[in-house]
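The values are calculated or read from the model by the stated rules, or taken from the named source; none is laboratory data. Keep in mind that this is a model prediction, so the values were computed, not measured. Counting neighbours? That spans all protein chains shown, and the Cβs are built from the backbone with ideal geometry, glycine included.
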Amino acid sequence: MMDIINSDHPLPLREGEGRVFYTCQGTCSKAIEVTAKDGVIENVTFYGGCNGNTKGISTLVRGMKVEDVIAKLKGTQCGNRGTSCPDQLTHALEQLNNE
């Protein structure tokens with residue numbers, strides 16, 4: 001089951017925390033929501049995609065530094081799509097870093 005957060009009433013951010021809701025392109029996942037605090041990923045939620053794989057990615061990156069995840073996953077391919085859910089996560093994290 002996916003956790004859905006009402007985007008009209010998001011949870012308040014704490015000091016040093018950032019959140020991004022990223023719309024995926026070219027993948028089965030439709031969107032990714034990421035919360036990080038002081039450059040460390042606290043939570044990742046994929047909307048759509050391969051349930052087991054996206055849950056696994058979310059669990060693996062929790063507690064990791066944003067820049068480490070970008071370095072490890074950027075450019076990961078899924079078939080001939082030119083991208084993947086892990087690659088789309090790096091785009092979400094880059095957006096988070098730029099906000």
| task | Could you figure out which of (1) of a type outside the set (Gly, Ala, Ser); (2) in contact with a Phe, Trp or Tyr (Cβ under 8 Å, 6 or more places away or on another chain); (3) at pLDDT 95 or above isn't true of MET2? | result | (3)
| task | Please work out which residue is modelled with the lowest pLDDT, limiting yourself to region 76-99 and to residues that are buried (at least 18 other Cβ atoms within 10 Å of the Cβ) and touching an Asp or Glu at 6+ places or on another chain (Cβ under 9 Å). | result | CYS78
| query | Within the bounds of region 23-36, is there any residue that is polar (S, T, N, Q), part of a helix (DSSP H, G or I) and in contact with a Lys or Arg (Cβ under 8 Å, 6 or more places away or on another chain)? | reply | no
| query | For region 58-75, does any single residue satisfy the condition of being in a strand (DSSP E or B), at pLDDT 95 or above and in contact with a helix residue (DSSP H, G or I) (Cβ under 6 Å, 6 or more places away or on another chain)? | reply | no
| note | Checked against (1) in contact with a Ser or Thr (Cβ under 9 Å, 6 or more places away or on another chain); (2) exposed (fewer than 15 other Cβ atoms within 10 Å of the Cβ), GLY48 satisfies every condition except (2)
